[in-house]
Amino acid sequence: MSPVRPAPVFPYKLVATDLDGTLLRPDDTVSERTREALAAATAAGAAHIVVTGRSVAWTRHVLDDLGYEGIAVCGQGAQVYHAGEQRLLTSLTMDRRLAVLAIEKIEAETGPLHLAAARDGLHGEVLIGPGYQVQDGPLASVPSTDRDSLWAEPISKVYLQHPALDDDELAAAALRIAGDLVGVVMAGPGVVELLPLGLSKATGLSLAARRLGTKGAETIAFGDMPNDIPMFGWAGHGVAMANAHRELKAVADELTTSNAEDGIAVVLERLLTG
């Protein structure tokens, strides 16, 4: 009779994964290998939590595809969402007057910006202002020809683009000019965002972790962009994808393969086998 092997011991209680460029492959799907690795980690006692810059409205279809019924952190930490109950547990909105003031200050130095705004709520629309280039994909947006309409209802964040400055230059300029009024993050290619001051993925993740009874030291986090830096600072172990931005790689505890090469699964499988 062969001996019974003990169940694998996983060293973390929480696995926090960004979506775009991290959990999602370039074709916006989650590989079977990564699904199996996450399932094995949860079977070994860890919770999996999605932590994304996307609003809930832009995240729900991914969670549904995963069969995800737990808590997700969306909107750069502004929204803590219970997928199983399909309700927001917390939702932080942006002061629209501060947003307009910040944009006016930035434009006074950089010239005109192209803007979009994410409205608050489970079904919050993303309004796209004139000139803003929407990335190809399944995420719905609503065009708007009137900038004032962006501020007509509560919003969670503002997206910025500039006709000449690249992402790094725009984010640096916005932070220098208006960083005392709003938070500034780069969340992906062509995605520079203004947020409520002090908001980050770490603030939302810490709220979610408290509900789950876990701590930062018990968390392993995966990401690819500068907006993941606060999450890495909060977590016990931060893993950057091979395709990650240089700023995130500089603070990561570990590098893994790219999102196209199942980088999350590579690390989880190693940890599960000891």
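The values are calculated or read from the model by the stated rules, or taken from the named source; none is laboratory data. Since this is a predicted model, take the numbers as computed values, not measurements. Note that each Cβ is placed from the backbone with ideal geometry, even for glycine, and that neighbours are counted across all protein chains shown. Just so you know, the surface numbers come from the protein's heavy atoms only, side chains and all, with ligands and any DNA or RNA stripped out. Shrake-Rupley method; radii C 1.70, N 1.55, O 1.52, S 1.80 Å.
Only DSSP H runs of four or more residues enter the estimate; each adds -39500 (n - 2.57), and after division by the residues of the chain the mean residue ellipticity at 222 nm equals -8500 deg cm²/dmol. Ranking G198, G274, A244 by Cα position along the charge dipole of the chain, where only Lys, Arg, Asp and Glu carry charges on their C-beta atoms, puts G274 farthest toward the positive end.
As a calculated quantity, the FRET efficiency between E32 and T273 at R0 = 22 Å, using C-beta atoms, amounts to about 0.75. For the chain, modelled as a GNM whose springs connect Cα atoms under 10 angstrom apart, the maximal fluctuation among H48, H237, H61 occurs at H61.
Under a model in which nothing but the beta-carbon of Lys, Arg (+1) and Asp, Glu (-1) is charged, the chain shows a dipole of about 920 debye around its Cα centre. What share of the DSSP beta bridges in the chain is antiparallel, in percent to the nearest 5? Among the beta bridges of the chain, antiparallel pairing accounts for roughly 60 percent. Taken about its Cα centre, segment 94-193 carries a charge dipole of roughly 200 debye when the Cβ of each Lys and Arg holds +1 and the Cβ of each Asp and Glu holds -1.
Computed from Cα atoms, the angle from the helix 32-43 axis to the main principal axis of the chain rounds to 70 degrees. Across the options G131, H114, I264, the greatest Cα extent toward the positive end of the charge dipole of the chain (unit charges at beta carbon of Lys, Arg, Asp, Glu) belongs to I264. Counting only Cβ charges, +1 for Lys and Arg and -1 for Asp and Glu, the dipole size of segment 219-274 around its Cα centre is about 100 debye. Here the accessible area of segment 99-197 is 56 percent carbon and sulfur, with a 1.4 angstrom probe and all protein chains present. Per residue, the accessible area of the chain comes to 45 Å², computed with a 1.4 Å probe over protein heavy atoms only.
Computed over the chain with a Gaussian network model linking Cα atoms closer than 10 Å, the most mobile of T145, T34, T59 is T145.
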